[in-house]
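Read through the structure below, which is laid out as structure tokens, and then see the notes.
The values are calculated or read from the model by the stated rules, or taken from the named source; none is laboratory data. The structure displayed is predicted, hence computed values, not measured ones. All Cβ positions, glycine included, derive from the backbone under ideal geometry; neighbour counts span all protein chains shown. With ligands, DNA and RNA removed, areas are computed over all heavy atoms of the protein, side chains included. Shrake-Rupley method; radii C 1.70, N 1.55, O 1.52, S 1.80 Å.
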Amino acid sequence: MDKKETIGLNEEFLNNAEDQANKLEKLLLMSYEEAKKDGKIIGKISRYGEVKVEENSEIEFIIDPSTYYSEPDAPFHKVGDYLIIIDPKDLRKVLIRIKSIIRKDELAAIGLEPPISQIVNSIEPRGLITNTLVKGELVLEMSKDDKSPRPATKSIEPQSPVVDPNPDILIKLLDLPKEGITFGALSTPSGLVKNGQIPVRLPLSALYHHILILGTTGSGKTTLLKNMIVSMYNQLEKHPISIIIDLNQDFVQLPIPNNISPAPQEVVKSCYKDVRQLKGIISVVPISYDLIENKLDTNKIDINRTLKEIAKKYFYETFSPLINDNILFNQIENYKIMAMETKNPFRLIFIPYVINTLETSTDSLSPLLPGLTPLAKDLLKKMREKFKKNHGVYSPIQAIYGALSIFVDKSIYKSFNKNSSYYSKTNYDEKDELLEQALEYVKPYIINSDNIDIENLKIGNYNFTFLDAIGEYIDILLKARPHEETIKALYRRISSLIETQVIDIIIRQQNKLVLINEPDWGTIVNIANDENIPIVLDLKWGLDFAGFDALRAVTYRTLDKLISWKHKSWAQRIETPNIMTIIDEAHQFFQNESKVKEDSDAIRQVSAMISKIARLGRARGVGLIFSTHSPSDLNDIILQLANTKVILRTEKSQLEKISIPKEAMEYLPRLQDRMMLIESFAFRMGYVFAQTTTPLTAHYDISANITYY
């Protein structure tokens, strides 16, 4: 037997091994040449441990001391930053996200101490001249023939070069959306990636799956929302119309430039280049009974003139701290709704908003009456539908209130016995006193009705009076004989609705009672689309002291009207603009049932309403963005419906119900202002960190006289 064969080696094997080594050397050299094209080589996969690729696997690589100390702000110094590996086998690029950085004083590890010195705990710098071990999470990989990255699952060779990639290479491997709403620049929890050169955008398709934005007070939620809106209107040729439900007048400032340059400038240049303040807004402003009554000239009742005076008052009180220009409002004639406009110093269309129930079915009225019991709802429906059958229209809600009032205060039972024949219009004379009492309950809710007999005044152009309506409702109640508690339950809800002061506003004008029309939301959206400006539903100015019942009523009505318009248009095959509806302080409108136990029925009804709106909105092009600093107080249904979650600085206690990657959770309570985690199906990695700039438009707290940077 040949001696070489006895030791397991033969000449052919040695030659083959040498050939294989030469081939591998060429592959390694090629991988290093490729790496130089893609960025800066900063290390290589370790030779001294196994390189294992498996589910949730980590990979280790080493960085020599000269490289480590040459760039104190390089990606390998920051957990969460990105590097790539070039695998020699096929030159594919493998994206890794840094999970840990391990440093060790090697001299101390082998027991070498510095020379004896008079200095206690003297230093030994030579102990720091050691390699750095970095562990990274495998994310995505891409070969030359791939059109997009795929999950990193293939084996990786020891000695593969590790690269700090150029921005274009990183963008390609991250596979971030190229178009959409700009949220800011890619970052890690500790700062910007690639000096803010990589924009983070959310595609519009994700918007219609709804977004939840969380963050403690001062973390940058409002700044983020304003920057999103302004960049969308500037950067996207085709975009949804923004409708902002604004509790604090933060968004009416969108057309006003910021006199402070946004920062950081590197993010402005890469993500918001040429983004400017908007050219105008539509302010939809709920106006109350008291506001109209205070401005109305009773000697010359002119509702158009009154609303113009209200528009001037609104502009002065809202914008005078920011703008000194004199303004001139004109009524817009070519719209089907009451609207005033001014074009100086920017385009402002002022639309006074009230709710008119004369054309509203009881089912559509229900969102304004959360907590209404099924029996009370059935009674309300019976009353209203019977009245409509007789007159072709529903009555003002005050008529129902007047009829219910005399049952609640038991006047009805004092006037006649329950078993007597029910009330009819043929015996007015016998019941005048009762009707007069009911009218006294109603008169405080009719503008300009003091010391005036309204018994015979027709309502609008319809052939009935309040006396007729109240009488018919008393008829229905006496015949139906509902339980006393059902009447009280309905009375409480109707009373609360009227006290909002924005429902069925009636003005005595000459010889009739006139109701202010409710603006059509479809028309408002079409105006905004034609003008290319957003809509702000300003809930602060006219309703600042009205209480949350009024704010919720207007908000619920708006959402219901928008989705009904979109659905009806879809059924008629009418093309309409898509909508992005932003609800600031969402926990005030959609409360958590466990937090408001005394009104759990109302909360459940609101949950059903928002669930319907969200699911229909997804199909009809209505995206909802909920913003709150208190997610624990927010209705659980919203946490389920929002498929994209944006989390700025937030305490852990507020995130218990939200599924967040474990490795990201620890950073959220300590994030800097305007830095966020975005978790969405739109991102291949499931989530990214991003940072937006300081406000791109004016951001001024009018009530506090504070400018936020």
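Once you charge only the Cβ atoms, +1 for Lys and Arg and -1 for Asp and Glu, what is the size of the charge dipole of the chain about its Cα centre, to the nearest 20 debye? All intermediate terms of the calculation are to be shown ahead of the outcome.
Values: 87 positive and 93 negative charges, 275 e Å.
Once rounded to the nearest 20, the dipole reads 1320 debye.
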State the answer as a single residue: which of ILE533, THR523, LEU477 lies farthest towards the positive end of the charge dipole of the chain, with beta carbon charges of +1 for Lys and Arg and -1 for Asp and Glu, about the Cα centre.
-> LEU477
Reviewing (1) 38, 34, 28; (2) 68, 27, 23; (3) 55, 33, 24, the figure for semi-axes √(5λ) of the Cα gyration tensor in Å actually calculated from this model sits under (2)
Sticking with the crude label model, points 7 Å out along Cα→Cβ, report the distance from ASN304 to LYS52 in nm, one decimal please.
-> 8.1 nm
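I'd like to check one number: the per residue accessible area of the chain, probe 1.4 Å, reported in Å² as a whole number.
46 Å²
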Determine the shape class of segment 234-376: with a ≥ b ≥ c the square roots of the Cα gyration tensor eigenvalues, call it rounded for a/c under 1.5, and otherwise prolate if a/b is greater than b/c, oblate otherwise.
-> oblate
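Find how much the distance from LYS512 to ARG276 grows on full extension, using 0.36 nm per residue of separation minus their present alpha carbon separation; answer in nm with one decimal. Could you put the intermediate results ahead of the total?
Numbers: separation 236, 0.36 × 236 = 84.96 nm, distance 4.93 nm.
Full extension from LYS512 to ARG276 adds 80.0 nm.
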Computed E for GLU436/GLU317 - FRET, C-beta separation, R0 60 angstrom, nearest 0.05 | 0.90
Measure off 7 Å from each Cα along the Cα-to-Cβ vector at ASP549 and LYS269, then give the distance between these two points in nanometres to one decimal.
-> 5.7 nm
Projected onto the charge dipole of segment 258-321 (+1 at Lys/Arg Cβ, -1 at Asp/Glu Cβ, origin at the Cα centre), which of VAL285, CYS271, ASN259 gives the Cα projection farthest towards the positive end?
-> CYS271
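For the chain, what does the helix formula give at 222 nm: sum of -39500 (n - 2.57) over DSSP H segments with n ≥ 4, over the residue count, nearest 500 deg cm²/dmol?
On the way: 22 runs with 251 residues, N = 709.
One gets -11000 deg cm²/dmol as the mean residue ellipticity at 222 nm.
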Förster-model FRET efficiency, 56 Å R0, TYR687 and SER361, C-beta, rounded to 0.05 | 0.80
Where both partners of a DSSP beta bridge lie in the chain, what percent of those bridges are antiparallel, to the nearest 5?
-> 65 percent
Separation of alpha-carbon centers, segment 641-661 and segment 529-586, rounded to whole Å = 26 Å
Long-range amide H contacts for GLY43: which residues qualify at under 5 Å (H placed 1.01 Å from N, peptide plane, sequence gap of 5 or more or a different chain)?
-> VAL162
In percent, how large is the relative contact order of the chain, given Cα pairs closer than 8 Å and 6 or more residues apart?
-> 19 percent
Among GLY218, GLY402, VAL51, the residue whose Cα sits farthest towards the positive end of the charge dipole of the chain, when +1 is placed on the Cβ of each Lys and Arg and -1 on the Cβ of each Asp and Glu, is GLY402
For the chain, what % of the accessible area comes from carbon and sulfur atoms, probe 1.4 Å?
-> 47 percent
State to the nearest 20 debye the size of the charge dipole of segment 141-253 about its Cα centre, where the only charges are +1 on K and R beta carbons and -1 on D and E beta carbons.
-> 80 debye
Once both labels are modelled 7 Å past Cα along the beta-carbon direction, what's the SER653-LEU375 spacing in nm?
-> 4.2 nm
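For segment 486-541, just say rounded, prolate or oblate: build the C-alpha gyration tensor, square-root its eigenvalues into a ≥ b ≥ c, call rounded for a/c under 1.5, and beyond that prolate if a/b exceeds b/c, oblate if not.
Details: a/c = 2.84, a/b = 1.62, b/c = 1.76.
Because a/c hits 1.5 or more and a/b fails to exceed b/c, segment 486-541 counts as oblate.
Strictly greater than 18 Å: what percent of every Cα pair in segment 119-176 meets that?
Working: 898 of 1653 pairs.
Tail of the P(r) past 18 Å holds 54 percent of the pairs.
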C-alpha center-to-center spacing [segment 16-75, segment 120-193] in angstrom | 13 Å
Rounded, prolate or oblate: which fits segment 441-513, taking a ≥ b ≥ c as square roots of the Cα gyration tensor eigenvalues, rounded meaning a/c under 1.5, else prolate when a/b beats b/c?
-> oblate
